[in-house]
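What follows is a single structure, written as structure tokens, with notes after it.
The values are calculated or read from the model by the stated rules, or taken from the named source; none is laboratory data. Keep in mind the model is a prediction, meaning the values are calculated, not measured. Virtual Cβ from ideal backbone geometry, glycine too; neighbours counted across all protein chains shown. Please note that ligands, DNA and RNA were not included when accessible areas were found on the heavy atoms of the full protein model with its side chains. Shrake-Rupley method; radii C 1.70, N 1.55, O 1.52, S 1.80 Å.
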Amino acid sequence: MAASSGAHQPLASPHAALHQEDILDHIFHDAKSLCWNIWGNDRATLARCTIVCRSWTEPASRVLWRELDSLVPLLQLLASRRLPPPARGLWDILIKGVDLDAFVQDICTNDRNLWERFLRRAAHIHHIESYHCRERMNTLIRSIVKHNGGSTPLPSLRTLVWYNRIPGDTTLNLLASPSLHALQLDFPPPGPITIIIREDNTMETVQGPTHRVDMRPEALLSGLPAAAPSLTHLIIMEGNLNSSVVAPHLSRFYNLCSLYLPEGTPLKPDDLQSILTNLPNLSSIRGLLRDFAYPRCRAYSTSIRNLDLGGAAHDITGLFTTFLEAPNLTTLVLQIVGAYSHVHDSAISALSSAEFKMCIRELSVSTSLSPVASNTDHPDSTPLLSTKLVAPLSAFGDVAVVTLSLWGIIDQIYDADICALARAWPRLRKLTLSYHTRPHTDPLPSGSPQLDIARQPASLASLRHFAAHSRELRRLVIKASRGLPLIFVAGDRNVGGGNGGEGCRASQAGHPLESLEVSFKDSFDALERPLDTAAIARFFDDLFPNLALDGEAMHGLAEFQRDWRSIVREIRAVRASKATV
């Protein structure tokens, strides 16, 4: 047999893979996630990996330093250098009057190994969970930037949460770089700070009562667009900021895709117009409206996909009748604040007439404040939910997700309301209904209009409407915070086998509902007898044979868990008996 002419190629050693940094990066990343899921602490294991061997040091360090809860571990590296007594660590340096600029200069000049090690670790950081501004900490950061040639020590930082408690402070602009894509800013009013040093040399800060102070955000915001030109997501969580001062600076974040503004910074028409006009990539905005009743300008945006806005009913009306054109809007979240009045109806009417209504796939409408006072001892017999809200909102014919949170605009939910909900949106896949009604302790008098078929109070049997009409519904959430429970009404003759032909026809087709959540409060007095869990189980299984019973797919409030678990067990028994037939 002729010998092979090719040279023998030895197989690569499996240990060679442990020297490939890409492979090691995946291994350490998975190890970090695993340690967090098991022990809730991932840093200790990764720290040990950095000292296993030389080839593991840098890959493990990259993953170890990629995400930090704060800047403290990084700054602590500088404090690890020998210091003259009495300083022992970072907190001693910050609190005991050490000259911070001289401290950083000494390290940069006389301990280059420590300085370079500090910069290497800082370059690994992608995410910092939070940074709370303090005068001495900010001074230390400014000194580090100064001795780094004016460049940020965090060139790879992508996401940051920054709590700015110092009026007019601009330290953030020194740390930002083109790599920063997501930023959360908080401007809480400053209050007296008490610093407590624990025995383990860690620091605890106690925030005293706050007082109103002008945080002067324009100093920070004016330089931030140049410092972080690639910023795509900006969240301002807290702070009473003047929108007329803030809006011009926000309009210079030309790559911004999403913007979140706090309630303390309400948007006026000129501000919102400026933002929508100057930010061509802005797809999502959240904020509070003010002075939109009679806007003197208009705005047109083809980039906006998600709107999450709150405001008085007249502001909502003005927004959609006069101000905004957003032909590509797909998600709309509205919170109508203020006591219910006829203006609410105008706002809903304006919303249902908007040109973008057939583009909406996710719709959320909520009301707030206290319920409307009634002049009678009994609830109004008119199905307000279906006539005032569901009927006009049915114009959103292609919506797939609907959330209705109704606080103070209805006294009762009727069977006709549930039927209207089920019929309104033929492509509905998820419905969340939560409401707060007035308590009614007096029994309904005989001959009440509520006893008419069209005005029966909603009950367990009302679920048959979803089985019959919402043929694509996958998840149903119903939360009643006060008043008669929507689902469990004692003595309902339609529970179980009496749900009628409508529900039976739906069950033969196998309704696709998989998840059902029912929760209510202050309604247990309405249950005059123990629940017939077997009948309720048969009812659920007849209407929704695909209902998942594991995890949280089907559950109620904790106070009701015992009966609810009994219902789930009964459904399992019903399905088991069907399987053996």
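Determine which member of the set Ala416, Ala373, Ala391 is surrounded by fewer than 17 Cβ atoms within 10 Å (Cβ to Cβ), modelled with pLDDT under 90 and of a type in the set (Gly, Ala, Ser). Within the list Ala416, Ala373, Ala391, the selection yields Ala373. Taking the conditions exactly as written (modelled with pLDDT of 90 or more and under 21 Å from Cys257 (Cα atoms)), does Val333 satisfy them or not? Judged against the criteria, Val333 is a match. Listed by first and then second residue, the pairs linking a residue in the range 211-240 that is within 23 Å of Arg158 (Cβ to Cβ) and of a type in the set (D, E, K, R) to a residue that is at pLDDT 85 or above and open to solvent by less than 30 Å² (accessible area, probe 1.4 Å), with Cβ atoms under 9 Å apart and 6 or more places separating them unless they lie on different chains, are Glu238/Leu185; Glu238/Asp186; Glu238/Pro262. Taken over the range 244-272, the residue count meeting the criterion of being in a helix (DSSP H, G or I) and surrounded by fewer than 22 Cβ atoms within 10 Å (Cβ to Cβ) is 6.
Of the residues examined, Glu199 is not one that is at pLDDT 85 or above, of a type in the set (Asp, Glu) and not in a helix (DSSP H, G or I). Number of residues in the range 93-114 that are surrounded by fewer than 18 Cβ atoms within 10 Å (Cβ to Cβ) and either closer than 18 Å to Leu175 by Cα or touching a residue at least 40 places away in the same chain (Cβ under 8 Å) (or both) equals 3.
Taken as a whole, the structure places Ala576 among residues that are modelled with pLDDT of 85 or more and surrounded by fewer than 20 Cβ atoms within 10 Å (Cβ to Cβ). Considered as a group, the residues in the range 162-182 that are out of contact with any Leu (no Cβ under 8 Å at 6 or more places or on another chain) and among the β-branched types (Val, Ile, Thr) include one that is farthest from Ile125 (Cα to Cα), and that residue is Ile166. For the range 115-140, the set of residues classified as among the hydrophobic types (A, V, I, L, M, F, W, C) and either open to solvent by 30 Å² or more (accessible area, probe 1.4 Å) or touching a residue at least 60 places away in the same chain (Cβ under 8 Å) (or both) consists of Leu119, Ala123, Ile125, Ile128, Met137, Leu140, listed by residue number.
Going by what's in this entry, would Asp315 be described as open to solvent by less than 60 Å² (accessible area, probe 1.4 Å), in contact (Cβ under 8 Å) with a residue 24 or more places away in the chain and closer than 19 Å to Leu404 by Cα? Against the criterion (open to solvent by less than 60 Å² (accessible area, probe 1.4 Å), in contact (Cβ under 8 Å) with a residue 24 or more places away in the chain and closer than 19 Å to Leu404 by Cα), Asp315 does not qualify.
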